[in-house]
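Report on the following structure.
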Amino acid sequence: MITRRTLLAAAAALPFTGIAGASRAESAPITRPIPSSGEVLPVIGMGSSRTFDVAPDDAVIGQLTEVLRLFFAGGGALIDSSPMYGQAESALGAVLKQLGMPESLFAATKVWTYGTEAGIEQMQESSRRMNVPVFDLMQIHNLRDWRLHLPTLRRWKEAGKIRYLGITTSHRRNHPELERIMRSEPLDFVQFSYNIENRLAEERLLPIAADRGIATIINRPYQHGALFTRSKGKALPPLAKELGCQSWGQFYLKWVIGHPAVSCLIPATSKPKHMKDNMGANFGPVPDAAQRAEMLKIFESL
């Protein structure tokens, strides 16, 4: 039987046209292991906040289908959503159905409500909306009612209704509580914001994740697009070429990938050209500590 691991291994043997002149070694997607299982994930995933919150009419579905086609062609696997994102789960479900539910899909969403029964109903509805009978990852969104939802997720994981469980936040104010949860509760994944401008997660969250063996999903890697305001009209530095970057977007993603405690990034887009660009960062060299320091100096000088 063809499995996700089989397909990822096959993808690693194929070239991706997003990086011109890449060597055979550099044509393999960059992957990181999930510490709790050893299963590997490509480092570039996909978010769906705002970008997939659309009415699923034919024109929109056509464009989003091309976005996901490029995502999977570029070695992507993890797609992240939430009931909080309006119609995103339904739009994703329609597009994934169009694509025949790719085997490499690593489907992730969240529970975002109060109360045990309401949480169960919401997760069941997410399954129907996304056409995903068993989610690879179910997360508690922004820590909402986590003390009630976490036992449910553990039961669902034991019963095979989900494969992994996690918790998320996109807000600095939640970091102290998230730290306590990461230190005290067994988690497979944690999700938070991190980018070359917002480096707060380096202080405590990323070290705790590394120490506790928790996979990390990074949201807002472009700081809501604010990073591009700094680099607009500026030439790429020579270091970008060394790292296989053809754009500032890939430069910013590669900087995040260079942190060893980062498992997967989930930039969001509804535009095919931006998806193709994002997936270019899924390949090529990974910056080491010295290169990341140089990249940071370059950014701060913009």
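Rounded, prolate or oblate: pick one for the stretch 79-172, where a ≥ b ≥ c are the square roots of the eigenvalues of its C-alpha gyration tensor, a/c under 1.5 means rounded, and failing that, prolate if a/b is larger than b/c, else oblate.
The shape class here is prolate.
Mean residue ellipticity at 222 nm from the helices of the chain, using -39,500 (n - 2.57) per DSSP H segment of n ≥ 4 over the full residue count, to the nearest 500 deg cm²/dmol? Walk me through the intermediate numbers first.
Details: 12 runs with 124 residues, N = 302.
Taken over the chain, the calculation gives -12000 deg cm²/dmol.
Check cross-link reach from residue 297 to the aspartates and glutamates: straight Cα distance under 13 Å, and skip same-chain residues fewer than eight apart.
In chain and number order, the partners are 197.
Could you tell me how many degrees, from 0 to 90 and to the nearest 10, lie between the Cα long axis of helix 58-73 and the main elongation axis, the longest principal axis, of the Cα atoms of the chain?
70
Given R₀ = 45 Å, FRET efficiency for residue 157-residue 300 by Cβ-Cβ distance, to 0.05? Please list the in-between numbers first.
Working: r = 42 Å, r/R0 = 0.94.
Given R0 = 45 Å and the Cβ-Cβ separation, E is 0.60.
Using the basic label-point model (7 angstrom from Cα toward the beta carbon), what is the residue 66 to residue 84 distance in nanometres?
My value for the distance between the label points is 3.1 nm.
Can you compute the FRET efficiency between residue 288 and residue 103 using 1/(1 + (r/R0)^6), with r the Cβ-Cβ distance and R0 = 25 Å? Round to the nearest 0.05.
It comes to 0.15.
Taking 7 Å along the Cα-to-C-beta vector as the label spot, tell me the residue 184-residue 170 distance in nanometres, rounded to one decimal.
Taking the two extended label points, one gets 2.7 nm.
For residue 55 paired with residue 242, estimate the spin-label separation in nm (one decimal), with each label point 7 Å from Cα along the Cα-to-Cβ line.
Result for the modelled spin labels: 5.2 nm.
I'd like the orientation of helix 116-130 relative to the chain: the angle between its Cα long axis and the longest Cα principal axis, in ° from 0 to 90, rounded to 10.
50
Once the Cα atoms of helix 88-98 and of the chain are each reduced to a long axis, what angle between those two axes, in degrees from 0 to 90 to the nearest 10, is obtained?
So the inclination is approximately 80 degrees.
How would you order 214-225, 246-257 from highest to lowest mean count of nearby Cβ atoms within 10 Å?
Averaged packing, sorted descending, gives the order 246-257, 214-225.
Pull up the cross-link candidates among the aspartates and glutamates for residue 273, meaning alpha carbon to alpha carbon under 14 Å and not fewer than 8 places away within one chain.
66
Give a residue-ordered list of calculated ³J(HN,Hα) values for the stretch 251-265 (Karplus: 6.51 cos²θ - 1.76 cosθ + 1.60, θ = phi - 60°; whole Hz; x for Gly, Pro).
Going residue by residue, I get 4, 5, 5, 4, 4, 5, 4, x, 6, x, 8, 8, 9, 7, 10 Hz, with x marking Gly and Pro.
Can you list the residues of the stretch 64-87 with backbone N under 17 Å from a point 7 Å past the Cα of residue 121, pointing along Cα to Cβ?
Hits in the stretch 64-87 for residue 121 at 17 Å: 83-84.
For the chain, give the share of DSSP beta bridges that are antiparallel, in percent and rounded to the nearest 5; count only bridges with both residues there.
10
So who's got an amide H within less than 5 Å of the one on residue 106, skipping anything under 5 residues away but keeping other chains? H placed 1.01 Å off N, in plane.
Those lying under 5 Å, H to H, from residue 106 are 78, 79.
Through the Karplus equation 6.51 cos²θ - 1.76 cosθ + 1.60, θ set to phi - 60°, convert the phi angles of the stretch 140-157 into ³J(HN,Hα) values in whole Hz; use x for Gly and Pro.
8, 7, 6, 6, 5, 6, 5, 5, 7, 6, 4, x, 5, 5, 5, 5, 5, 5
Under 25 Å Cα-Cα from residue 276, which lysines qualify once same-chain neighbours fewer than 8 residues away are excluded?
The reachable lysines, counting only those whose Cα sits under 25 Å from residue 276, are 97, 232, 234, 241, 254.
None of the figures in this text is laboratory data; all of them are computed from the coordinates on show. This is a predicted model, so every value here is computed, not measured. FYI the Cβ positions are ideal-geometry reconstructions off the backbone, even for glycines, and counts take in every protein chain you see.
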